[in-house]
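**Q** Sending over a structure as structure tokens; questions will come in a sec.
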Amino acid sequence: MTAHAAAGDPHPAYPVGLRLAGRRVVVVGGGQVAQRRLPALIASGADIVLVSPSATPSVEAMAEAGEIRWERRPYADGDLADAWYALIASTDTDANNAASAEADRTKTWCVRSDDAEAATAWTPATGRSEGVTVAVLTGRDPRRSAAVRDAIVEGLRDGTLVAPHHRDRTPGVALVGGGPGDPDLITVRGRRLLAEADVVIADRLGPRDLLDELPPHVEVIDAAKIPYGRFMAQEAINNALIEHARAGKAVVRLKGGDPFVFGRGMEEAEALAEAGIPCTVVPGISSSISVPGAAGIPVTHRGVAHEFTVISGHVAPEDPRSLVDWKAVAGLRGTLVLLMAVERIGAIAAALTAYGRSPETPVAIVQEGTMATQRRVDATLATVAETAKAEDVRPPAVIVIGDVVTVGTKYEAAAKKARGGQ
């Protein structure tokens, strides 16, 4: 991509990508410019010779690691012999002029850090994202080049600039953790895969706002509404993933939080593996830590809690299906984080106190965490069941039990004030 500082420039730079693997590249000068440029040259596989009496510690480390060969001396005529590319970046103007003249005689592409007009090549502002190299030239305005480069790369990474693969794209399924609800909290990779999807099978608790950004051709399927007849709902979802992937589609299974934290993601991954369908797992920010954090509650804190335990509350402690050792849990001194536990918090609180946890242990319920409708309700183990009912707390909500609940009181008060008292 090129733009020109002067309108109507009759001789714009001709953009080209150099393939330097195994080819001689000479760098004159071992200072800050070389330190910035060398990593990309090393990544290209070039045979790099550094000519400089001194070098920065980082450049010296590259030489010690064998990534470049360092000749500790000033530039001398003939150093560019057989070179395909030269980077001239020393602080010695006379040496730079002499090296530039040699490059001109030997028809070697040459970049100069001190005098772009004397060079035969310019270094573009370069960025990379998932196999795409973006190189931007704006003539004599390097800051603008960098700004344009950054905008393009950021768009490719977060999916706001849609550039789907058209060649060699392998159909398959990506299990994407969408995070706790706020669409800004999905990972960069997750957002990019959403932008490239043909089919999205979404959970109710996935970040719904992201679905509005998808192109019109993308088929969006509500997982809760997949007809399952004689199949269990999860089996029906597995079958839908397999069916669409076998049809050659790029499928995203968009889940709330993280796919493997009470998300049944491994069941889907196993079903795909058995069907021979490629599967990519994209971790997500779990609500077990992000929602308390958004409400000003650290799940661990120096001198207060050295561990936290995440527990599913979808079955009550007395339920024979429960796999939780509630007696052992009650004996822990750290933080307890309960997911899917709103309907059973009374039974859980009773079990914890029966097994020795203090009834005065602080409890916080954070409903619709990270969303604009987020609210926090505080109680104790003794009062949480009554409080949750009185405050009409509804799922989705994360329940935090432990002394960390009171740690962030000042922070939460300040944050609430900043939000306008909401």
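**Q** Output the number of residues of the stretch 169-195 satisfying the condition of being open to solvent by 30 Å² or more (accessible area, probe 1.4 Å) and either within 15 Å of Pro259 (Cβ to Cβ) or touching a residue at least 24 places away in the same chain (Cβ under 8 Å) (or both).
**A** Total meeting the criteria: 10.
**Q** Can you tell me which residue is modelled with the lowest pLDDT among those in the stretch 196-213 that are surrounded by fewer than 23 Cβ atoms within 10 Å (Cβ to Cβ) and within 18 Å of the chain's Cα centre (by Cα)?
**A** Leu210
**Q** So which of Asp77, Asp94, Asp104 ends up being charged (D, E, K, R), open to solvent by 20 Å² or more (accessible area, probe 1.4 Å) and part of a loop (DSSP other than H, G, I, E, B)?
**A** The unique qualifying residue is Asp77.
**Q** Taking only the stretch 107-122 into account, find how many residues are closer than 21 Å to Arg143 by Cα, touching a residue at least 24 places away in the same chain (Cβ under 8 Å) and open to solvent by 70 Å² or more (accessible area, probe 1.4 Å).
**A** 2
**Q** Now a separate question. Tell me, which strands (runs of 3 or more DSSP E) wholly within the stretch 302-414 include 1 or more residues that are open to solvent by 60 Å² or more (accessible area, probe 1.4 Å)?
**A** Of the strands (runs of 3 or more DSSP E) lying wholly inside the stretch 302-414, those with at least 1 residues that are open to solvent by 60 Å² or more (accessible area, probe 1.4 Å) span 308-312, 375-380.
**Q** Would you say Gly263 is modelled with pLDDT under 95, out of contact with any helix residue (DSSP H, G or I) (no Cβ under 8 Å at 6 or more places or on another chain) and either closer than 26 Å to His314 by Cβ or in a helix (DSSP H, G or I) (or both)? It would help to see each step written out before you state the result.
**A** Numbers: modelled with pLDDT under 95: yes; out of contact with any helix residue (DSSP H, G or I) (no Cβ under 8 Å at 6 or more places or on another chain): yes; either closer than 26 Å to His314 by Cβ or in a helix (DSSP H, G or I) (or both): yes.
It is true that Gly263 is modelled with pLDDT under 95, out of contact with any helix residue (DSSP H, G or I) (no Cβ under 8 Å at 6 or more places or on another chain) and either closer than 26 Å to His314 by Cβ or in a helix (DSSP H, G or I) (or both).
**Q** Next question, about the same structure. Show the residue pairs meeting these rules: Cβ distance below 8 Å; 6+ apart or different chains; first residue within the stretch 214-234 and free of Cβ contacts under 8 Å to residues at least 12 places away in the same chain; second residue part of a helix (DSSP H, G or I) and among the acidic types (Asp, Glu).
**A** Listed by first residue and then by second, the contacts come to Tyr228/Glu235.
**Q** Under the condition of being in a loop (DSSP other than H, G, I, E, B) and open to solvent by less than 50 Å² (accessible area, probe 1.4 Å), which residue from the stretch 222-260 is nearest to Asp203 (Cα to Cα)?
**A** Residue satisfying both the conditions and the ranking: Gly256.
**Q** If Trp122 meets every condition in (1) part of a loop (DSSP other than H, G, I, E, B); (2) among the hydrophobic types (A, V, I, L, M, F, W, C); (3) modelled with pLDDT of 95 or more apart from one, which number is that one?
**A** The one condition Trp122 does not meet is (3).
**Q** Considering the stretch 265-288 alone, what residues qualify as being more than 20 Å from Thr373 (Cβ to Cβ) and aliphatic (A, V, I, L, M)?
**A** Met266, Ala269, Ala271, Leu272, Ala273, Ala275, Ile277, Val281, Val282, listed by residue number.
**Q** From the residues in the stretch 261-275 that are touching a Lys or Arg at 6+ places or on another chain (Cβ under 9 Å) and free of Cβ contacts under 8 Å to residues at least 60 places away in the same chain, which one is least open to solvent (accessible area, probe 1.4 Å)?
**A** Among them, the one singled out is Ala275.
**Q** Give me the residue from the stretch 64-74 that is out of contact with any helix residue (DSSP H, G or I) (no Cβ under 7 Å at 6 or more places or on another chain) and not in a strand (DSSP E or B) and, out of that set, nearest to Thr106 (Cα to Cα).
**A** Checking each candidate, the answer is Arg73.
**Q** Starting from residues that are in a helix (DSSP H, G or I) and among the small types (Gly, Ala, Ser), keep the ones in the stretch 24-60 and report whichever is surrounded by the most Cβ atoms within 10 Å (Cβ to Cβ).
**A** Ranking the qualifying residues of the stretch 24-60, first place goes to Ala34.
The values are calculated or read from the model by the stated rules, or taken from the named source; none is laboratory data. Note that this is a predicted model, so its numbers are computed, not measured. Using ideal geometry, Cβ is built from the backbone for each residue, glycine included, and neighbour counts are taken over all protein chains shown. These accessible areas exclude ligands, DNA and RNA; they are computed on the full protein's heavy atoms, side chains included. Shrake-Rupley method; radii C 1.70, N 1.55, O 1.52, S 1.80 Å.
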